[in-house]
Amino acid sequence: MKPIIGLTMHGVDKTSQINDVYIQSIIQAGGIPICLPYIAGEDVIPVINKIDGLCLIGGYDIDPRFFDQDPHPNMGVTVKMRDESELAYFYEAFDRDMPILGICRGHQLINVALGGTLIQDIPSQKPDAICHKQLSPRTETTHKVTIYPGKLREITGVDTIFVNSFHHQAIDRVAEELLECAVSSDGIVEGLEHPFKKYCVSVQWHPEELAIVKDEYA
């Protein structure tokens, strides 16, 4: 039976949205995608009971209250209900050792959930970084990252890869129980993994957009 993969969604103007490429990538990989709405923490258990894996997608900033910081003046939009809902989804899946993939914001959320912190505004806090600049369409790669030995290297089969990261927030202090597994040339942590979980991996870039760029991503 095909695995059922829960995909979080992005709330915009009283709607819940998701780029179709996330859905098509799950289907292409042999899974069945199910989109997960924002719900109260106590309601995540029956939802997690229905899925085999969790994918935390990209989107708005994470409220800095969740990593014990005041908001930076250049912080973007935050949605408290999304933060609380996705943290609840993550903790339940994590406690069950369910496969988890974090993408962009999802990468950052996993770090925050396990006690790490974020750079809230790369242009002002790390101005030499290049990854916040969208230099080309999402389907094209922009810069190189180095992948360290571990789960992510096993998945990609390479030790360097060109990716399509573009964001204004990034990992600052890595949570103690996570390992850096991919770093860009400007020092931004672009991949994290948990050494003792069966599969808990996150990346700052958008692999779903590179599914068609097989010679660069596979």
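Values in this text are rule-based calculations from the coordinates and carry no lab data. In this text, all values refer to a predicted model and were calculated from it rather than measured experimentally. Counting neighbours? That spans all protein chains shown, and the Cβs are built from the backbone with ideal geometry, glycine included.
Figures for the structure shown
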read-out	value
Between the range 10-39 and the range 148-218, the alpha-carbon center distance in angstrom	21 Å
Exposed-loop-free span, longest in the chain, where GluC sites (Glu not before Pro) count as exposed if DSSP calls them loop and at most 13 other C-beta atoms lie within 10 Å	1-139
HN-Hα J in Hz across the range 166-181 - Karplus 6.51, -1.76, 1.60, θ = phi - 60°, x for Gly and Pro	7, 6, 10, 10, 7, 5, 9, 8, 6, 4, 4, 8, 9, 10, 5, 10
Selection from PRO195, PRO33, LEU114, by position along the positive dipole direction of the chain (Cβ)	PRO33
For GLY187, net neighbour charge (Lys/Arg +1, Asp/Glu -1) across residues whose Cβ lies under 12 Å away	-4
Backbone HN-Hα couplings from phi across the range 120-126 [Karplus 6.51/-1.76/1.60, Hz, Gly and Pro as x]	7, 8, 4, x, 8, 9, 8
Average Cα contact separation per residue, the range 100-214, under 8 Å, 6 or more apart, as relative contact order %	35 percent
The chain: most fluctuating residue of THR142, THR15, THR160 per GNM, C-alpha cutoff 10 Å	THR15
GNM flexibility winner over the chain from CYS181, CYS55, CYS35 (Cα, springs under 10 Å)	CYS35
Options [x] 1.08; [y] 0.93; [z] 1.02 - which one matches Rg/Rh (Cα atoms, Kirkwood Rh) as calculated here	[y]
Built amide H within the under 5 Å cut-off of HIS143, gap 5+	VAL163, SER165
Within the range 1-83, trypsin sites (Lys or Arg not before Pro) in DSSP loop having at most 15 other beta-carbon neighbours inside 10 Å	LYS14, LYS50
Max mean-square fluctuation residue, GNM over the chain, Cα-Cα springs under 10 Å, options ILE155, ILE62, ILE32	ILE155
